[in-house]
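Taken together, the values in this text are just the output of simple stated rules run on the coordinates, not laboratory data. Note that this is a predicted model, so its numbers are computed, not measured. Cβ atoms come from the backbone with ideal geometry, glycine included; neighbour counts cover every protein chain shown.
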Amino acid sequence: MQPCRLWRQASVMMDAEGYRGVAAFVDARKKDCYDRSRMRPKQLRQFQRFFQSIVRKLRWLVPGIGIKRWVVVILAGTTMLGVGFAFILLDLYRTAPQTWWLPVIKIVSLQFILDRTIRALIFGSIGVAITVIGIIGLNRALLRPFMRPGKNIIDTVAEFRRRDKGPRIVVIGGGTGLSSILRGLKEYSRNITAVVTVADDGGSSGEIRKNIGILPPGDIRNCLAALSNDEELITQLFQYRFAASAGLNGHSLGNLLISALTEITGSFEEAIAETAKVLAVQGQVLPSTLKNVTLVADVQLPDKNVEVVIKGESKIGKIGGKVRRVWLEPGNPASFPPTVQAILNADLIIIGPGSLYTSIIANLLVPDLVDAIKASKAFKFYICNVASERGETDGYSCEDHVKMIEKHAGSHLVDLVICNHRYEGVLPADVSWVKVNEEENQHPIYQADLLDVDNPWRHDSNKVAKTVMDLYFERTGPLSSRDDISSL
């Protein structure tokens with residue numbers, strides 16, 4: 001009897017006996033009867049599994065993951081060792097007296113096969129197979145402690161090599177916007193440098209800056225967490241913020257750790273480097289300057305023609321007026337040399353996203369940084385904010401953002417401005433979309449969907465990263481395709 005007929009009879013009998021639930025299950029499975037491809041012999045399925053395992057092993061030979069060259073080196077060394085051992089055996093065979101083990105050597109060396117070419121091919125094939133199996137087994141044994149659940153070794157190695165060959169990217173900004181784009185960019189490259197401002201004086205960072213006398217660690221902490229190789233438990237621990245009732249004034253554990261390492265190592269930059277090692281950071285986080293600077297703003301009060309001077313990054317947005325200009329005190333601070341070097345060596349420089357005055361322009365007020373950006377041969381993109389910020393950019397268009405950057409840092413700073421063109425979702429009160437003003441547009445602008453659906457006033461890190469990298473690769477050509485490995 002055919003299998004499909006058995007299914008139909010079983011369904012009818014169960015339905016007649018009142019087992020409707022079971023009959024429904026049988027009816028649901030009935031569609032499988034008509035799929036002849038599911039009815040394969042056992043031997044065919046075994047062959048398919050064997051073939052798939054061979055294909056998975058051959059992925060070790062995919063170009064670009066740095067495996068084949070070392071396989072060739074090991075094979076060459078093994079061959080030389082085998083040749084030397086063969087000379088010893090040949091000498092013993094020819095000069096040693098007749099003993100019991102000479103017939104054994106004849107059998108092991110396959111001398112009963114007269115054709116030497118065939119013997120060479122047999123031994124060579126066996127040697128190559130054993131060597132390759134040994135290399136794969138050794139790699140698995142060495143790499144297994146570093147594997148993450150759900151990832152196999154070849155995918156991990158290929159992913160590492162692809163990111164390691166990624167472009168050198170410098171991202172300048174601060175706050176939530178900077179850490180958001182870093183999470184997306186680290187999927188494309190390990191050569192990322194985040195440049196953050198040290199003018200923060202609010203919250204936990206402000207307290208540490210005031211009481212301990214070190215530079216504010218808050219933005220640096222967020223960027224380190226975003227670039228961490230494993231944004232799970234250890235990163236959550238790093239970002240954990242104590243309750244004010246605990247006697248730690250709402251400090252985050254990461255801020256306290258950076259502060260402690262600054263005291264231990266004796267330098268703020270060394271503390272950042274040591275923290276990056278703890279979090280296995282992909283890239284580096286650098287301050288724009290090591291000087292203790294304060295951000296100052298000229299703000300026109302609302303409904304008045306009076307301008308006031310506001311000192312302190314955390315106070316600028318609280319006044320609710322219109323920011324005319326900002327500057328640093330003391331003025332013209334010296335830049336951090338590794339930051340300038342990273343900018344000059346970059347393939348791609350991204351400014352933003354982030355608070356226009358307190359994050360982006362605060363970095364661009366360091367003169368050497370602006371000079372390095374203009375001197376760099378990298379592609380330079382500015383990513384405009386999705387929505388306005390209360391007290392800073394109320395009613396601003398995309399063009400208004402660019403004008404204020406050029407007012408403080410000079411013209412011709414970027415090659416392309418990237419703006420969001422999707423305006424969906426509910427924004428908080430007193431927050432509006434940042435749109436492109438076609439009448440005032442004087443800069444090359446690329447519009448794309450950059451919106452985070454869950455938080456429409458913020459960027460989606462994956463969308464932004466994909467847009468940026470697509471634009472970069474469109475101009476340069478990809479250094480290595482993301483699909484080279486996954487397509488196998």
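Taking label points 7 Å from Cα along the Cα-to-Cβ direction, LEU344 and TRP70 give a separation of 3.4 nm. Packing here is the average count of other Cβ atoms within 10 Å per residue, and on that basis the peptides 168-174, 210-216, 74-80, highest first, run 168-174, 210-216, 74-80. Applying 1/(1 + (r/R0)^6) with r as the Cβ-Cβ distance of ASN305 and TYR423 and R0 = 30 angstrom yields a FRET efficiency of 0.35.
How would you rank HIS412, HIS459, HIS443, HIS421, going from fewest to most other Cβ atoms within 10 Å of each one's own Cβ?
So the residues, fewest neighbours to most, are HIS412, HIS421, HIS443, HIS459.
With the highest mean first, a sort of the peptides 401-407, 305-311 on other beta-carbon atoms found within 10 angstrom per residue produces 401-407, 305-311. The gain in end-to-end length when the LEU253 to VAL108 segment is fully stretched comes to 45.6 nm, 0.36 nm per residue minus the alpha carbon separation. Between PHE473 and LEU90, the FRET efficiency estimated from the beta carbon spacing at R0 = 60 angstrom works out to 0.60.
Under a plain spin-label model, where a point goes 7 Å from the Cα along Cα-to-Cβ, how far apart in nm are LEU142 and ASP454? According to this spin-label approximation, the distance is 3.9 nm. In this simple spin-label model, placing a label point 7 Å from the Cα along the Cα-to-Cβ direction at both ASP371 and GLN239 gives a separation of 3.8 nm. The lysine pair count for region 238-374, using Cα distances under 22 Å and pairs eight or more places apart or on different chains, is 6. Summary of packing: across the peptides 463-473, 279-289, 260-270, 193-203, the per-residue average of other C-beta atoms within 10 Å ranks them, highest first, as 193-203, 279-289, 463-473, 260-270.
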